[in-house]
Amino acid sequence: MADYTEPQFWPVLKQLAQNIDGMDYYQILNLAQDATPADIKGSYYGQSRSLHPDKFYHLDDGSLKDAVHKIYKRVTEAYNVLRDDRKRKVYTANINGPSRATKLRFDEATQEQAKEQEKQEKEVTTNPKAKPLYLKAVQQMNAGNWEGAFKDLQTAVMFDGGNEKLKALKDEVDKRRKEKK
Amino acid sequence: MAQEVAMGIDLGTSNSSVSIIQDGQAVVIPNEWGELTHASVVSFLEDGSVLVGNDAKKQMCISPETTISSAKRLIGRYFFSEEVKKARAVMPYAIVEGPNSGVRIAVRDQIYAVPEISAMVLKEMKAITEAYVGHPVTKAVVTVPAFFNDNQRQATKDAGRIAGLDVLRILNEPTAAALAYGFGNNVNQRVVIYDLGGGTFDVSILEIGTDVFEVLGTAGDTYLGGDDFDDRVLQWLLAGFKQQYGVDLMQDRYALQKVKEAAEKAKNTFSDGDTAQIHVPLVHTDAEGMSYDLEATLTRQQFNHMVMDLVQRTFKVCDEALQSGRMTANDIDGVILVGGPTRLPVIRNSVRHYFQREPNTSINPDLVVCMGAAIQAHALLNERTSSFLLDVTPMTLRLGTVGGYTEAIIDKNTPIPIDRSRTFTTVRDGQEKVNIRIYQGESRMAQECTMLGEFEFSGLRPARRGDVKVEVTFEIDTDGIVRVTARDGETGQVASTNINLSSGLSESEIQNAASRNAATALAPHEKQDGEVQPA
């Protein structure tokens, strides 16, 4: 592994600090977009090993330290986003989309997007008539009453017809109900 | 060239200690009497010198108004905070309000900022080190509770500067302890650091690999420490005395100090004993000249019962830390105990029960933090740093918005150093400045968070409203300290920044304090029999 504290690498680091605004988090961590969580952590450790500002603490070159600081802050930022599945999903979609250039850093708008997505994932149905039935069904499932849950879900599906999630849940409960019989 | 010496200083609520690396080992430095821990007590003597350490602690009874203890409980706090209110009720010294709701201490016609008191303790640590190595030493890593907020960290750093130190790093205490334990040979262990100090409680969960210490999550309570255990015993003793003699010793500061001391001693008994016999002779003299002793017997069982809710509180914090790292107690490979109060069997047993494993105490829990700090200090000054620390910010950094609300900028437990930018637009034609307030805490309500300061960015170019975009960058550095800068989004010109309403000290106040600190002599330590160590 290259020791970046050696003077020969200083120009490289200063150049990298200038270019980093044009790089996405995968590029910063040197990873493919399908990297596993273990890859992400491994790369974060690797980058920290060579680029943590503490490694450069004893040096006197102020502009080098600034460069390292800028790079390393982006490394922690990249790790912080990519280690979080939800944030990672939204981020990855964004940088592969048409407005890639403005989405290289995870900002408030992206944060909102991620939150919205989470909300949608949590909410099986938003249909005003299907929702109370769904909630009732969940209670019955928790109590082990599959028959009752099935009936409520059946009605809920009638109100919110196109909802695949709801349908899948109904089928699952139907299976459990029959198993019990 | 001789190896540069850098100190690791554990600046504790009750006790402090200092360590350096010698021959690759962390060595805790003794003072001239061989003591390794030094009470964080500063006594201002009549001749203008200050006595610091275990001798100063003895002054708490003799001269309570001029002897300052537990300054760490006050550092970086606002005068109106609960902790300061509490301290004003129980501390015998004068705590007064300073500018911007800061805290000052009045002693012998002088007014001191809290970091100046801590700086006296640091000065003592520096002197102990210099006496040991035989030459001046200025570089140091100073530790703080992981759950300290930005105001408290900044104030601690200021204390270092006032004491004439070059503070290399503000290091989190649990992280320092993990460094001292080292590990390193096992692959990716998950370790919990349970750190109960004199005045603060921290839990950090670290993943430790061959050369890496990654903090996965941290939680804490800066209002909970061993002092609170003493306080329970104290209140019990006071209530008992009142019941027996109808006298409230709370009103007598001299007596209170005596009973406080007895309470602490009783608590320490339970580290290995089952019963504490408490006897404070002549604690009170009534109007007729009759004197009374305070006498009581406290069993371990009674004591455990008294403090059980405090012990429970520590595990609420453990729950929180585990949750933040999305873990359960089962995912933990080891538990390390840090801080003197963890010697209490009630703590050890409860920790064993909670984590279902035997806690590790192989390094002295009073010294482990300063040893870890010394290791980090040494690593920072050396080219061949073999391990590295990946720490996190303990609290969410927030931006004040309209109507007393806040929004999160950098979430708690985010790895540091890190930065985040926000763009603000002018709302009036020809607007020259932008003001923002920043906070730390977990509530959307500004009131429930701690304000770090109000920043004013001025010198914006004259333009129509909405035309000037100010890009504000919030940075948390490797010390966990927040920095805010702003620049014009278009021209890139850096806006000048003023910090208003911060509890901290200004540059000139720090300079003045440093001069005063340098001009103050440390008093020599006396032995029990009154003999003074020859200079």
**Item:** Size of electric dipole in the protein assembly as shown: Cβ of Lys, Arg +1 and of Asp, Glu -1, about Cα centre, debye, nearest 20
**Value:** 2780
**Request:** For region B:199-235 and region A:19-47, compute the distance between their C-alpha centroids and round to whole Å.
**Result:** 32
**Item:** 17 Å Cα cut-off, lysine pairs counted over region A:130-180 (separation 8 or more, or different chains)
**Value:** 19
**Message:** Between region B:444-499 and region B:68-139, what is the separation of their alpha carbon centroids in Å?
**Reply:** 31
**Message:** Quick check: pseudo-label points 7 Å beyond the Cα along Cα→Cβ at A:D60 and A:Q15, how many nm apart are they?
**Reply:** 2.6
**Item:** Size of electric dipole in region B:35-175: Cβ of Lys, Arg +1 and of Asp, Glu -1, about Cα centre, debye, nearest 20
**Value:** 360
**Message:** Compute accessible area for region B:364-390 by itself and then with all protein chains, 1.4 Å probe, and report residues whose area falls by 40 Å² or more.
**Reply:** B:L380, B:E383, B:T385, B:F388, B:L390
**Prompt:** Relative to the first principal axis of the alpha-carbon coordinates of chain B, what is the inclination of helix B:368-381, with its axis defined by its Cα atoms, in degrees from 0 to 90 and to the nearest 10?
**Reply:** 40
**Request:** Compute the long axis of helix B:345-355 from its Cα atoms, compare it with the longest principal axis of the Cα atoms of chain B, and write down the angle in degrees, 0 to 90, nearest 10.
**Result:** 40
**Request:** Please report the relative contact order for chain A, taking Cα pairs under 8 Å with a sequence separation of at least 6, and give it as a percent rounded to a whole number.
**Result:** 17
**Accessible solvent surface per residue of region B:397-494, calculated while the other protein chains remain in place, 1.4 angstrom probe, Å²** = 48
**Request:** Apply 1/(1 + (r/R0)^6) to the Cβ-Cβ distance of B:D166 and A:A38, taking R0 = 51 Å, and write down the FRET efficiency to the nearest 0.05.
**Result:** 0.80
**Request:** Between A:E116 and B:E526, take the C-beta separation as r, use R0 = 56 Å, and let me know the FRET efficiency to the nearest 0.05.
**Result:** 0.25
**Asked** B:K242: which lysines have alpha carbons under 19 Å from its alpha carbon, excluding same-chain residues fewer than 8 sequence positions away?
**Response** B:K258, B:K260
**Prompt:** Taking only protein heavy atoms and a 1.4 Å probe, what accessible area per residue, in Å², does region B:73-154 have with all protein chains in place?
**Reply:** 35
**Asked** According to a simple spin-label model (label point 7 Å from Cα along Cα-to-Cβ), what is the distance in nm between B:N54 and A:T155?
**Response** 7.7
**Prompt:** Near the amide H of B:T210, under 5 Å away, which other amide H atoms are found, from residues 5 or more places off or on another chain, if H is placed in the peptide plane?
**Reply:** B:N188
**Message:** Please compute, for peptide A:71-79, the average count of beta-carbon atoms on other protein chains lying within 10 Å of each residue's beta-carbon.
**Reply:** 4
**Complete:** Between B:C449 and residues 5 or more places away or on another chain, the pairs with built amide H atoms under 5 Å apart involve none
**Asked** Once you list every other residue whose beta carbon is under 12 Å from the beta carbon of A:N145, what net charge do they have if Lys and Arg are +1 and Asp and Glu are -1?
**Response** +3
**Request:** Find how much the distance from B:K85 to B:N100 grows on full extension, using 0.36 nm per residue of separation minus their present alpha carbon separation; answer in nm with one decimal.
**Result:** 3.8 nm
**Asked** Which of the peptides A:134-141, A:3-10, B:366-373 is most tightly packed, and how do the rest follow, going by the mean number of other Cβ atoms within 10 Å of each residue?
**Response** B:366-373, A:134-141, A:3-10
**Prompt:** Per residue, what accessible area does chain A have, given a 1.4 Å probe and all protein chains present, in Å²?
**Reply:** 55
**Item:** Solvent-accessible area buried by A and B, counting both chains, probe 1.4 angstrom, square angstrom
**Value:** 2500
**Fill in**
In the neighbourhood of B:A180 defined by beta carbon distances under 11 Å, the net charge of the other residues (Lys, Arg +1; Asp, Glu -1) is -2
**Request:** Would you mind pulling out the separation of the Cα centroids of region A:143-181 and region A:111-128, in Å?
**Result:** 21
**Request:** With θ set to phi - 60°, apply the Karplus curve 6.51 cos²θ - 1.76 cosθ + 1.60 along region A:142-149 and write out the HN-Hα couplings as whole Hz, x wherever there is a Gly or Pro.
**Result:** 4, 8, x, 8, 5, 4, x, 4
**Request:** Quickly work out the B:M250-to-B:T297 label distance, labels modelled 7 Å from Cα along the C-beta direction, and quote it in nm with one decimal.
**Result:** 2.8
**Asked** Carbon and sulfur together cover what percent of the accessible area of region A:7-121 at a 1.4 Å probe radius?
**Response** 51
**Asked** Accessible area of B:R343, 1.4 Å probe, to the nearest 10 Å²?
**Response** 80
**Prompt:** If amide H atoms are built 1.01 Å from N in the plane of the peptide, which residues on other chains or at least 5 residues away come under 5 Å of the amide H of B:H525?
**Reply:** B:Q533
**Message:** Under the 0.36 nm per residue contour assumption, what length would be gained going from the current alpha-carbon distance of B:K242 and B:T269 to full extension?
**Reply:** 7.3 nm
**Asked** Which residues of region B:205-222 bury at least 40 Å² of accessible area once all protein chains are present, versus their chain alone (1.4 Å probe)?
**Response** B:E214
**Fill in**
Inter-chain shielding metric for A:49-61, i.e. average beta-carbon neighbours from other chains within 10 angstrom, reads 4
**Asked** Taking K and R as +1 and D and E as -1, what net charge do the other residues with C-beta under 15 Å from the C-beta of A:K89 add up to?
**Response** 0
**Prompt:** How about A:K129: which aspartates and glutamates have a C-alpha closer than 16 Å to its C-alpha, ignoring those fewer than 8 places off in the same chain?
**Reply:** A:D152, A:D160
**Complete:** Given a Förster distance of 56 Å, the FRET efficiency implied by the Cβ-Cβ spacing of B:E32 and B:E407, rounded to the nearest 0.05, works out to 0.55
**Request:** Would you tell me the mean number of C-beta atoms belonging to other protein chains that fall within 10 Å of each C-beta in B:409-421, as a whole number?
**Result:** 4
**lysines whose Cα lies under 20 Å from that of A:K103, excluding same-chain neighbours fewer than 8 positions away** = A:K70, A:K73, A:K87, A:K89, A:K115, B:K469
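The values are calculated or read from the model by the stated rules, or taken from the named source; none is laboratory data. Remember, predicted model here, so these are calculated numbers, not experimental data. Please note: Cβ atoms are built from the backbone with ideal geometry, for glycine as well, and neighbour counts cover all protein chains shown. In case anyone asks, the SASA skips ligands and DNA or RNA and just uses the protein heavy atoms, side chains included. Shrake-Rupley method; radii C 1.70, N 1.55, O 1.52, S 1.80 Å.
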